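Participant: The structure that follows is given in the form of structure tokens.
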Amino acid sequence: MAKEISLATVKKHNKADDLWIVIENKVYDVTKFRLEHPGGEDSLVDVAGRDGTKEFIDVGHSLEAREIMKKFYIGDLAAADIKKNSPIRKP
Ligand code: HEM
């Protein structure tokens, strides 16, 4: 089973050199990816340590972007944090 990570833990990783983001209830560590991100480092830093699902979907990321994401997946958002912090349901 995937590791469960609380939103409180994600919040601690909220800066450029320590950058975790929640997308669709999965947690990604994009610290290393931020400088390679075609959308720039700043867009990732803006949602560092929180749920960036809405922002991610609003951009209309490609399937290729979703493939790249998998490399940075580190765990699932803790069940207790899902309901109240999930702005968007999985498609
Ligand atoms: C692990 C997470 C992410 C990955 C792997 C990723 C990857 C990519 C890739 C590959 C592109 C090039 C266009 C495409 O293929 O869709 C892109 C563009 C972009 N991304 Fe991300 N992205 C991630 C998260 C985010 C988040 C959270 C935001 C916003 C807060 C964001 C904002 C953007 C923007 C603004 C562009 C530029 C779109 C354009 O210039 O047309 N990305 N991203």
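Values in this text are rule-based calculations from the coordinates and carry no lab data. Quick caveat, the model's predicted, so the values are computed rather than measured. For neighbour counting, all protein chains shown are included, and Cβ atoms are generated from backbone atoms with ideal geometry for every residue, glycine included.
Participant: Pop the C-beta distance of residue 3 and residue 54 into the FRET formula with R0 = 25 Å and round what comes out to the nearest 0.05.
Facilitator: So the FRET efficiency works out to roughly 0.55.
Participant: Roughly how compact is the chain, stated as its Cα Rg over 2.2 N^0.38 Å to two decimals?
Facilitator: With N residues counted in the chain, Rg over 2.2 N^0.38 Å equals 0.98.
Participant: Of all DSSP beta bridges in region 4-80, what percent run antiparallel (nearest 5)?
Facilitator: Taking every DSSP beta bridge with both residues in region 4-80, the antiparallel ones total about 75 percent.
Participant: Under 16 Å Cα-Cα from residue 3, which lysines qualify once same-chain neighbours fewer than 8 residues away are excluded?
Facilitator: Partners found: 26, 70, 71.
Participant: Amide H neighbours of residue 75 under 5 Å, at least 5 residues apart or on other chains, H built in the peptide plane: list them.
Facilitator: When sequence neighbours closer than 5 places are left aside, the close amide H contacts are 27.
Participant: I'd like the Karplus ³J(HN,Hα) series for region 42-55: coefficients 6.51, -1.76, 1.60, θ = phi - 60°, whole numbers in Hz, and an x wherever there's a Gly or Pro.
Facilitator: Per-residue couplings from phi come out as 4, 5, 6, 4, 4, 10, 4, x, 8, 7, x, 4, 4, 4 Hz.
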